[in-house]
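Just so it is clear, none of the values below were taken in a lab; they were calculated from the coordinates. Predicted, not measured: the structure shown is a model, and the values here were computed from it. No Cβ is skipped: glycine too gets one built from the backbone with ideal geometry, and neighbour counts run over all protein chains shown.
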Amino acid sequence: MRIAVYGGSFDPPHRGHVEAARVAAETLGADRFLIVPDREAPHKELSGDGPSPEERLALCRLAFAGIPGAEISDVELRREGKSYTADTAEQLLAENPGAELTLVLGEDMLRCFEDWYRYRFLLSNCELAVLPRPEEDGDELRALCGRFERQYGARIRILAFEPIEASSREIRGRLPRRLGADELPEAVYAEIIRRRWYGAQPELSWLREKVYEGYLKESRIAHVAGCEAEAVKLALRWGEDAELAAEAAILHDITKKLKPQEQLNLCEKYAIIINHAMLNAPEVIHAVTGAAMARELFGVNDEVYGAIRWHTTGRPDMTNLEKIVYLADAVEPTRSYPSVERLRSLAEEDLDAALLETMERTLERIRALGGEPCPDTVEAAAWYAQRKNQ
Ligand SMILES: [Fe+2]
Ligand SMILES: [Fe+2]
């Protein structure tokens, strides 16, 4: 039996890893193809705000799901301390008597192979399958392989591989800057955003696509896009983080299309206590369930959570981001009602005045229709009215 082993930190696993695994799986035709995330890399520090070893293993499951026959192995996670490939190879050979091992590794790893722990053991007991680097000279690699073969009796094959330029370290650096989605398998990126590992912030284009396609009615997309544009404008005007404002606006109506029963199911799922006022004003529930869902699926921070949570009713003493999303929702370009132009320009001049007027308009409208306004809005309007008079 031939076992191919592709080990690494996979912190996180990226498209380059997946392509390498695909080529190795197809070329080597091994009976088993093991992807082996390490517990503790011998030579490098893991990122502090990244996933745990078990979570990296779970990311590998997502990343390599499309590689036929690939098994994600926890062999190194089950050992304490540094993860040495030689220990892994020895363990696999002991567990699979008579098996032949092929180690899949990058060219840069081959170049420092003589620094590896028990490299002679590895060279005597495993075949190496090397993934060449794009910018390197092939002659130099072949010369290196030749020397290893002569000096150590190594068995090395060079895989025909068109590498994808990607590096986990560089991707980790890009994730907090709302970049990196293209370089990661979709499921891996979504999970990183959900958990906000590596300080990741979602790429706004990625978030729009997810939300527009998965969570909005076709007819609501123009409103949400308008709300984002307005929220960004107001954030820039009032010195708030425009990208956070955009994130909140994109997500603010993610549960709006759900039916009342579905809303109630979500309330149960997220342990949201529904009060009398919310039952009387079902319009309000989507803000509460939307905030909870945005946190669960996209890992939003407390500021964005608050902006979604209070976008329908408002509340006393709102944060600036909450005010911005509340107002953007009310005055975005697709809205048309008699006072909208006035409120739009007031929002640029005096955030609190625009907020109060919008709340009072909402209260009037609901009362005119014979409805009972949500107490949160009544309380918020009273709070801002009192503050205005102070
Ligand atoms: Fe809404
Ligand atoms: Fe909305």
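Below are the figures for this structure:
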{"item": "Pairs beyond 21 Å (Cα-Cα), from K210/K233; K210/K256; K233/K323; K217/K323; K257/K323", "result": "K210/K233; K217/K323; K257/K323"}
{"item": "Mean Cα-pair separation over length for the range 85-232, i.e. relative contact order, pairs under 8 Å, 6 or more apart, %", "result": "16"}
{"item": "Shape category assigned to the chain from the gyration tensor of Cα positions, a/c cut at 1.5", "result": "prolate"}
{"item": "Protection proxy ranking of 21-31, 110-120 - average other beta-carbon atoms within 10 Å, highest first", "result": "21-31, 110-120"}
{"item": "For I158, residues with placed amide H under 5 Å, excluding near neighbours", "result": "V130"}
{"item": "Sequence-distant residues sharing a close amide H with Y270 (under 5 Å, placed H)", "result": "none"}
{"item": "Simple spin-label estimate for R342 and D115 in nanometres, 7 Å along Cα-Cβ", "result": "7.1"}
{"item": "Mean separation of Cα contacts under 8 Å (6+ apart) over length of the range 2-181, as relative contact order %", "result": "26"}
{"item": "Simple spin-label estimate for E364 and A94 in nanometres, 7 Å along Cα-Cβ", "result": "8.1"}
{"item": "Packing-based exposure ordering (other Cβ within 10 Å, fewest first) of K210, K82, K217, K323", "result": "K217, K82, K210, K323"}
{"item": "Relative contact order for the chain, counting Cα pairs under 8 Å that sit 6 or more residues apart, in percent", "result": "13"}
{"item": "Burial ordering of M318, M359, fewest other beta-carbon atoms within 10 Å first", "result": "M318, M359"}
{"item": "Calculated FRET value between K82 and Y152, using beta carbons and R₀ = 25 Å, to 0.05", "result": "0.60"}
{"item": "Gain upon complete extension [E262, M1; 0.36 nm per residue less C-alpha separation]", "result": "88.7 nm"}
{"item": "Calculated from backbone phi, Karplus (6.51, -1.76, 1.60) coupling profile of the range 291-305 in Hz, x at Gly/Pro", "result": "5, 5, 6, 4, 6, 5, 8, 10, x, 4, 7, 4, 4, 5, 3"}
{"item": "Segment A222-A65, length gained on full extension (0.36 nm per residue, minus Cα span)", "result": "53.0 nm"}
{"item": "Nonlocal amide H pairs with L101, under 5 Å, H built at 1.01 Å", "result": "I3, E127"}
{"item": "Total charge dipole magnitude, the chain, about the Cα centre, Cβ charges on Lys, Arg, Asp, Glu only, Debye to nearest 20", "result": "480"}
